[in-house]
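Heads up: the structure comes next, in structure tokens.
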Amino acid sequence: MSASAPIGYRDERVAKMDAVIAANPGHANRILGKRVYVQPAKVHHITVNCLTGVRTVTTAVDGNPFGAPRPPIVLPAFPVAVYRPTVFRPDGVRRILTVVAKHWGVGVPSLVGPSRMRPLVYPRFAAMKLISERMNLSLTPIGIALGKRDHTTIMHGIRRADFLHENDIDWRQRYDAAEAELKSAETDRAGSP
């Protein structure tokens, strides 16, 4: 082989790999497909106080995660997210669910459960309509109260309740009885001191 003869593809790749390994001995294991063990020099633990929003960074050196040889760094506080639940009067929703469950002969847990069977879906439609009319709530809190359902599910349920109220006599009688019981309970509560 003369000095000017071209190097084959495989030989060229091996030559490049050998050059990289010679320049950086640390890359040898990675290039050769062996496991690479990397031990970090520093480990940072960030702790956040949820009440004050203060972030504290603790640095552990030489793989000692317990106890920091250096004092912790205190970062500036960031605004704390305060949990404010949506006000949807759970006692009123609970009362409506109880009355609807009584008139349809189902339990409240099955009324807010995931089942899509007709004996449970029809009273759920009634509950959706009663809650939307009597509680004056938007669709999202109604969905949360009825088992974390989406607002579009509540829209569909109210539409179906309107359809059933016009076309299904048995459903209408049960709905009207539940509505009358809720109205009488409301007037009794308003009349008492």
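Quick note: the coordinates plus some simple rules give every number you see, no bench work behind them. These numbers come from a predicted model, not from an experiment. Ideal geometry is used to build each Cβ from the backbone, glycine not excepted, and the neighbour counts take in all protein chains shown.
Figures for the structure shown
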{"quantity": "Order of Val48, Val100, Val112 under a 10 Å beta carbon neighbour criterion, fewest first", "calculated": "Val48, Val112, Val100"}
{"quantity": "Contour excess over end-to-end distance, with Cα ends at Thr153 and Glu12 and 0.36 nm allotted per residue", "calculated": "44.4 nm"}
{"quantity": "Estimated inter-spin distance, Asp162 and Val121, nm [label 7 Å along Cα→Cβ]", "calculated": "1.9 nm"}
{"quantity": "Extended-chain gain in nm, criterion 0.36 nm per residue less alpha-carbon gap, Arg189 and Thr47", "calculated": "46.1 nm"}
{"quantity": "Full-stretch length increase - Ala23, Ser110 - with 0.36 nm per residue and alpha-carbon distance subtracted", "calculated": "24.4 nm"}
{"quantity": "Order of Phe163, Phe125 under a 10 Å beta carbon neighbour criterion, fewest first", "calculated": "Phe163, Phe125"}
{"quantity": "Under the Debye formula (equal points on every Cα, no solvent term), log10 I(q)/I(0) of the range 90-191 at q = 0.09, 0.12, 0.22, 0.24 Å⁻¹", "calculated": "-0.19, -0.34, -1.20, -1.43"}
